[in-house]
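Below is one structure, written out as structure tokens; the observations come after it.
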Amino acid sequence: MATLTAVAPDRDVNAFALVAAAELGDEFANDGKQLVVVANGSVAAVEVTFTTQKTVDGEAVDDKVIDVPAGEQHLLGPFSTHVYNDGDGMVQVGYESHTDVTVGVIDCASV
């Protein structure tokens, strides 16, 4: 699993490059103000799964699964800390297929 580093926007021109989605998934630090960009450059839709960490009455809350159609780029989030954060304050992201999928994280805490 690879750790994604969030980019904080500012009023200057700032570079924002997406990186290849990791085969075993990615993770990112989350304080509830992060957005994830997923670009699907493949010829088929890709499911992106955000793992939930919360339980209700002893039952696990279903993971959030989002379909990103072929050739599309989606902006996803924010992610509630009490639902998605693991014990290290990270959100885990998995991909049905990582081929031709790129991803990045935007930290909107300073906005």
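Applying the criterion of being in contact with a His (Cβ under 8 Å, 6 or more places away or on another chain), hydrophobic (A, V, I, L, M, F, W, C) and in a loop (DSSP other than H, G, I, E, B) to the residues of the stretch 19-62, the residue that is surrounded by the most Cβ atoms within 10 Å (Cβ to Cβ) is 21.
Of the residues 89, 25, the single one that is farther than 16 Å from residue 104 by Cα and touching a residue at least 60 places away in the same chain (Cβ under 8 Å) is 89.
Filtering 70, 109 for residues that are closer than 23 Å to residue 24 by Cβ, hydrophobic (A, V, I, L, M, F, W, C) and surrounded by fewer than 15 Cβ atoms within 10 Å (Cβ to Cβ) leaves a single hit, 70. Screening the stretch 63-93 for residues that are of a type in the set (D, E, K, R) and either in contact with a Ser or Thr (Cβ under 7 Å, 6 or more places away or on another chain) or assigned to a strand (DSSP E or B) (or both) and picking the one that is nearest to residue 51 (Cα to Cα) gives 63.
Quick note: the coordinates plus some simple rules give every number you see, no bench work behind them. Here the structure is a predicted model, which is why all the values come from computation and not from measurement. Cβ atoms come from the backbone with ideal geometry, glycine included; neighbour counts cover every protein chain shown.
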